[in-house]
Structures are given as structure tokens and as C-alpha cells.
Amino acid sequence: MVKKRHDADRRIPEISFAAPAGTPAGVEVLSLADLRHRVSGERLTTPQRPDFHHLVTLTGGTLRHAVDFTAYALEPGSWLWVRPGQVQQWGDLTHAEGTVILFRRDFLDPATSAGAHVEDPHAPILRTPLPEDAQALRLAADHLAAEFHALGRLPLEIHTAALRHLLAVLVLRLAHLTAPAGSPAPEPDATYLRFRDAVEKDFARTRRVEDYAATLGYSARTLTRATLASAGVGAKEFIDRRVVLEAKRLLAHSDQSAARIADRLGFSSATHFSKYFHRRTGQTPITFRETVRGHTPK
């Protein structure tokens, strides 16, 4: 993994995927012990925004891992999935043992990516599978790890194809685990999906539900009903949460001023942005920046 250097006008510095020498480009499987030896603790605990996927599962111990400023507690058998663009921060790895699977967003074939919702930024980050699912996932991860470390036993192109298929099995199983109640989670409403995609595209341009309704051809009430049913919050709250998340990312991972961030997010002034941010987080932008840069999940 190597950092990209961006000029000050880019939003957040990213971590790019770099395959170890001689291994298939696009995927890597390593233990948490390997990760500890490879990357210093200080570098690991610094917030980072990778442009590739992370799958993390534990076989022993516990781990706190923050994703987009929410802390998650991993235990043996649970799985954490960090997607490209999400901001992550590793906790203390000293007493955690397990596996990390890294893969580029273009490594899987399109059908697998679609079936596993690989590019869905709203998919669950932490999954704790039922016992029968946990065993199948562990077998899939072990098989993938064994194939990754068997470099040279097969021609490289065949080895890479095998890794692609084995990773596909793992992510498809992980994405379609049964819910704790035993029934599959309902598919999101099509209206909500259109609204969600529009917000992702235009949240820095407008925060008005009425603007999205006009663009998509729905009433504001229809968008609110669809968003409540699929996301558990109203349409306005959904927009505000996305704006606040991007504001947090920019405050934590760039040195841009509040005025510059306000402009990027479509606010008329730094004062307006500060009031908006404080009303929704209980902190001023500067206080949030100071707090998160000095915080490591324990």
C-alpha cells in the first residue's frame, strides 16, 4: 500500500493498492501479524482513505476499527468490509489475530460485482454471520489464502483466475448472509435507489429535497416515504447526513480552511457552514478537526 500525493485542491489523500512483487495484480491476502510487521503502529492508526476494498475477519482477540468516524468492534467470526473511498482508522492490533483481504475494485468480474453489491457505499460495514454461514465464510477465506500463497504452483494467469473465482465465492456469500431473524433483508425500493444515487452526485450542489424531487420526477413526499422505508430516515435527514460525512472527511483529512470546505460543499459562507455543522454534530468544524486528528480507536 502506498500513499498518493495530491495537491491541496484535492479532497482527501488516498492510499493506493500496490501488489507485492511477483504476485497477481489486484488482490492480496495477509494475516494481521503480517500487517503489524509491515506497517508501523503510528502509520496504521492514522486515518486513511484507500481506493481499494478491505475485508477483515478475526480468528482471535478483538479489534476496534473506525470507518467514516463510526467505531466497530470486531470479534472472532465477524467480518468488516471497508469500500473504496471510505475513511478508515485501525485500532490497536496487538491482541488481534486474523486475516486481511485487499482487492482492487476492478479485480472481480462485473457480474460478481453486481451480485455482491461490491460498489454499494451504503452496504453494511460489519457483519456477524450465523454459525452455519460463519463456517462457510471461514472455509472460503482459508481456500483463498491457500491459493494466494501457492504462487508458482500454477501458471500466473491460471493462478490469478483461481483467485478471482475464490474471491467471488467469498464476497457473494458475505453479501447475501441471512439476517439474524432468518429472513433475507428486503431489496431497497427503486425510488430510494434513484434518490440515493442523485444525492451522491449532487449533495454539494443542493440540500433541498424539492430539487431532487423535481430532477427525478417524484414529489418530495414520495422521496421521504421511500427513504424512510429503505434507510430509516427522511429524505432531508439522508441528504444532511451525506453532507456532514463529506465535511468530516475533508476536515479530518485535508488542511483546507472552513471557508474552502464550505465552498466545496455548496454553502454561501463559512459561517453558514459552521452553524450547519454544529447543529448536526454538536461541534464546530475546527473542534471536530482537532478532536478526530488526535483520536485513535481503542
Give 293, 225, 260, 249 a once-over and let me know the one that is of a type in the set (Lys, Arg), surrounded by fewer than 18 Cβ atoms within 10 Å (Cβ to Cβ) and touching a residue at least 40 places away in the same chain (Cβ under 8 Å). 293
Can you list residue pairs whose Cβ atoms sit under 9 Å apart, with the first residue in segment 128-157 being closer than 20 Å to residue 73 by Cβ and the second being β-branched (Val, Ile, Thr) and surrounded by fewer than 18 Cβ atoms within 10 Å (Cβ to Cβ)? Count only pairs 6 or more apart in sequence or on different chains. 129/178; 130/178; 133/178; 134/128; 138/59
Being among the aromatic types (Phe, Trp, Tyr), modelled with pLDDT under 90 and crowded, with 17+ Cβ neighbours inside 10 Å narrows it down to one residue among 52, 17; which is it? 17
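For (1) touching a strand residue (DSSP E or B) at 6+ places or on another chain (Cβ under 8 Å); (2) in the same structural domain as residue 201 (by TED's automatic domain parsing); (3) of a type in the set (Asp, Glu); (4) crowded, with 17+ Cβ neighbours inside 10 Å, each residue gets a yes or a no:
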{"position": "70", "(1), (2), (3), (4)": "no, no, no, no"}
{"position": "82", "(1), (2), (3), (4)": "yes, no, no, yes"}
{"position": "89", "(1), (2), (3), (4)": "yes, no, no, yes"}
{"position": "110", "(1), (2), (3), (4)": "no, no, no, no"}
{"position": "115", "(1), (2), (3), (4)": "no, no, no, no"}
{"position": "123", "(1), (2), (3), (4)": "yes, no, no, no"}
{"position": "131", "(1), (2), (3), (4)": "no, no, no, no"}
{"position": "141", "(1), (2), (3), (4)": "yes, no, no, yes"}
Residue list for segment 207-222, restricted to those being in contact (Cβ under 8 Å) with a residue 12 or more places away in the chain, part of a helix (DSSP H, G or I) and in contact with an Asp or Glu (Cβ under 9 Å, 6 or more places away or on another chain): 212, 215, 220
Quick check on residue 29: is it under 19 Å from residue 123 (Cα atoms) and either modelled with pLDDT under 90 or within 20 Å of the chain's Cα centre (by Cα) (or both)? no
Please work out if residue 63 is among the hydrophobic types (A, V, I, L, M, F, W, C) and closer than 19 Å to residue 173 by Cα. no
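The values are calculated or read from the model by the stated rules, or taken from the named source; none is laboratory data. Predicted model, so just to flag it, every value in this text is computed and none were measured. Don't worry about glycine lacking a Cβ; one is built from the backbone with ideal geometry, like all the others, and counts go over all protein chains shown.
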